[in-house]
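Okay, so here's the structure we're looking at.
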Number of protein chains: 2
Amino acid sequence: VADPRVYLNGRIVPLADAAISPLDIGLLRGYAVFDLLRTVGGRPFLLAEHLQRLRASAERLGLEVPASDEDISAAIDELLALNGHEEATVRLVLTGGVSPDGMDFDPATPTFLILTHDLHEPPPSLYEVGGALLTERHQREMPEAKTTNYLTMLGNRERIADAGALDLLYHDGERVLEAASASVYFVRDGRIFAVPGDVLWGTVGSLVLELAGGDYEVVLGEMSLAEALDADEVFLTSTTRGVVPIVRLDNRAVGDGAPGPVTRELMARWRRALECARG
Amino acid sequence: VADPRVYLNGRIVPLADAAISPLDIGLLRGYAVFDLLRTVGGRPFLLAEHLQRLRASAERLGLEVPASDEDISAAIDELLALNGHEEATVRLVLTGGVSPDGMDFDPATPTFLILTHDLHEPPPSLYEVGGALLTERHQREMPEAKTTNYLTMLGNRERIADAGALDLLYHDGERVLEAASASVYFVRDGRIFAVPGDVLWGTVGSLVLELAGGDYEVVLGEMSLAEALDADEVFLTSTTRGVVPIVRLDNRAVGDGAPGPVTRELMARWRRALECARG
């Protein structure tokens, strides 16, 4: 719609009337967390998981989400009804609130914002051909929280685009970590390896590992960058992209350079899960 | 004044009318830089240096400050005249601008904001007794740019307050770097040591080293955390605090636990420089 509505601190208002103060600590000091979910069949998907993660991110920063799950769910439903997306992403943003001196703030008066966007899914060819990641030495600050800090990712956006890559694969010089905007998993000898810590908990990734359960051994363990570069298969998971085969890390092919059998099976299971949710 | 004015994208407006879009990439992804200067005698102090640093920070993020030095200087003068501070800090904030999808943005349409606040200087006792820093393993992302990312500092604000400390002293496990909101210098055997890289260029620090010149040897070189903890004297420099003796690092006294002779001499020179600027 031409004039979308947003939720700001308990009220639903036109976007043009949703004024964030220039003194918001989320703007002046980047002190903010967020989460992003998608709809399936027009209804929020994995809402409970995303709200749980948002509350965990907030707690890591000493903030508290100033609304109940029920109130948030009702606000999302109202926004989706007003904004008329076919399918949507829903962004929940929580900051420390207004800071009169640009440094101090009161966690009791946060800024809580909910925005909706049209969902843009990657082209089907991505799932057939696979995508690329660029390795980058970086560990996110407070990696267990989904903060708004995307400096390293956005600072590399031209390099990512020039390489035709999807995202950065962060590592700390020894261990591989996560992508800038996705979880990453590795397949070696038929086993699926997941990084156990210093990364964001992935909502889609967790469900995918559940869907894999029984048929594939899932190993929670640290993986060196060298082992990651030598994996048989690599895939990423994200809210908007689902399960995506990664067939290139920097200039090296992963496996034989095409989506592997484990990734293809998990993509199929993920699609079936979305179909079920669609009803 | 009750209704302060701010500068936003070329216009001077009441703070209450200065609306930042909920889609600003500075809010949604922390993609923003800033700088902070102070007035002396009501006039901007080290303005050219702060604008030079702001432009360098912007360039590091692929952004451009959308105003000339002359226009910025005129806007600051107008804000200072309208807002009636005795002495002020002036905050310049530049973001990548509005992002319709929460990820892409056009550097040609940034958000540029100028705010003024009353200057709050530390109590005189701080300069007589000295202050404390808490060491923290952390290196700022894009350390040569003054980004708005203060996650680690603000996430530690209770720990800092509980310890009665001024700030965090960042190190990377080997080398000492900078404080979260200040430059830090070390005195050993009468020589002043400055960290040469991976830190923000300090406007006050640079002037203090100039004022020290001739009488003290200034060494640009990396310093281990162990050497830093063993320094004879430590001091920080910052826009709002000037030169501050650091007499405690975590629970260890620096030197004999009181401001040392080199620091006291540099504090005196700094005060004379401010007096000269006051005219």
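The values are calculated or read from the model by the stated rules, or taken from the named source; none is laboratory data. All of these numbers come straight from a predicted model, not from anything done at the bench. Cβ placement follows ideal geometry from the backbone for every residue including glycine, while neighbour counts extend to all protein chains displayed. These accessible areas exclude ligands, DNA and RNA; they are computed on the full protein's heavy atoms, side chains included. Shrake-Rupley method; radii C 1.70, N 1.55, O 1.52, S 1.80 Å.
Show log10 I(q)/I(0) for region B:1-152 at q = 0.15, 0.19, 0.20 Å⁻¹, two decimals, from a solvent-free Debye sum over equal Cα scatterers.
The Debye formula, applied to the Cα set alone, gives -0.87, -1.23, -1.30.
For B:Ser125 and A:Glu64, what is the calculated FRET efficiency with R₀ set at 35 Å and r taken between the beta-carbons, to the nearest 0.05? Show your work: numbers first, answer last.
Details: r = 36 Å, r/R0 = 1.02.
Once the sixth-power term is evaluated, E becomes 0.50.
For region B:104-173, what does the relative contact order come out to in percent, with C-alpha contacts under 8 Å and a separation of six or more? Walk me through the numbers before you get to the answer.
Numbers: 39 pairs, mean separation 30.4, N = 70.
Relative CO of region B:104-173 lands at 43 percent.
Using only the Cα atoms, work out Rg/Rh for region A:85-127, with Rh taken as the Kirkwood radius, to two decimals.
Working: Rg = 17.0 Å, Rh = 13.2 Å.
When Rh is taken as the Kirkwood radius, the ratio is 1.29.
Please work out the C-alpha center-to-center distance from region A:18-85 to region B:105-121 and express it in whole Å.
Cα centroid to Cα centroid, the span is 26 Å.
When each copy gets a label point 7 Å from Cα toward the beta-carbon at B:Pro107, what are the spacings between them in nm, shortest first?
Distances to the matching label points in the other copies: 3.7 nm.
Out of B:Val93, B:Val176, B:Val129, any idea which swings most in a Gaussian network model of chain B, alpha carbons joined below 10 Å?
Between B:Val93, B:Val176, B:Val129, it is B:Val129 that shows the largest mean-square fluctuation.
Starting from the coordinates of the alpha-carbon atoms of chain A, obtain the Kirkwood hydrodynamic radius over all distinct pairs and give the value in Å to one decimal.
Values: mean 1/r = 0.0506 Å⁻¹.
Across chain A, the inverse of the average 1/r is 19.8 Å.
Heavy-atom accessible surface, probe 1.4 Å, ligands and DNA/RNA ignored: which residues of region B:137-181 lose at least 50 Å² versus the isolated chain?
B:Glu141, B:Thr148, B:Leu151, B:Leu154, B:Arg157
List the distances, in nm to one decimal, from the label point of A:Ile12 to the label points of the same position in every other copy, shortest first, placing each label point 7 Å from Cα along the Cα-to-Cβ direction.
Shortest to longest, the spacings are 4.2 nm.
When all protein chains stay in place, what accessible area (Å², nearest 10, 1.4 Å probe) is found for B:Arg252?
Looks like 120 Å² after rounding.
Enumerate the residues in region A:208-222 having an amide nitrogen under 20 Å from the point lying 7 Å beyond the Cα of A:Asp189 toward its Cβ.
A:213-222
For the protein assembly as shown, report the translational diffusion coefficient in µm²/s to the nearest whole number, using Stokes-Einstein at 10 °C, 1.306 mPa s, and a Kirkwood Rh over Cα pairs.
Numbers: Rh = 25.3 Å.
D = 63 µm²/s.
For chains B and A, what's the summed buried accessible area, probe 1.4 Å, to the nearest 100 square angstrom? Before the final figure, lay out each step's value.
Numbers: alone 13300 and 13300 Å², together 22840 Å².
By this definition, chains B and A bury close to 3800 Å².
Taking only complete DSSP H runs, can you tell me which helices of chain A stretch 18 Å or more along their own long axis by Cα positions and average at least 0.0 on the Kyte-Doolittle scale?
Numbers: long enough: A:47-60 (20 Å, -0.80); A:69-83 (21 Å, 0.27); A:261-278 (26 Å, -0.62).
Answer set is A:69-83.
Calculate the FRET efficiency for A:Asp17 and B:Glu86 from the Cβ-Cβ distance with a Förster distance of 35 Å, rounded to the nearest 0.05.
Details: r = 36 Å, r/R0 = 1.02.
The calculated FRET efficiency here is 0.45.
Taking every pair of Cα atoms in region B:30-111, average 1/r, invert it to obtain the Kirkwood radius, and report Rg/Rh to two decimals.
On the way: Rg = 13.9 Å, Rh = 13.6 Å.
Reported Rg/Rh (Cα atoms, Kirkwood Rh): 1.02.
So what is the calculated 222 nm ellipticity per residue for the protein assembly as shown, using -39500 (n - 2.57) for each DSSP H run with n of 4 or more, over all residues, to the nearest 500 deg cm²/dmol?
Mean residue ellipticity, 222 nm, calculated: -8500 deg cm²/dmol.
Taking the solvent-accessible surface of protein heavy atoms with a 1.4 Å probe, what is the per residue accessible area of region B:155-279 in Å²? If you can, show how the numbers build up before the last one.
On the way: 5400 Å² over 125 residues.
Here the per-residue accessible area is 43 Å².
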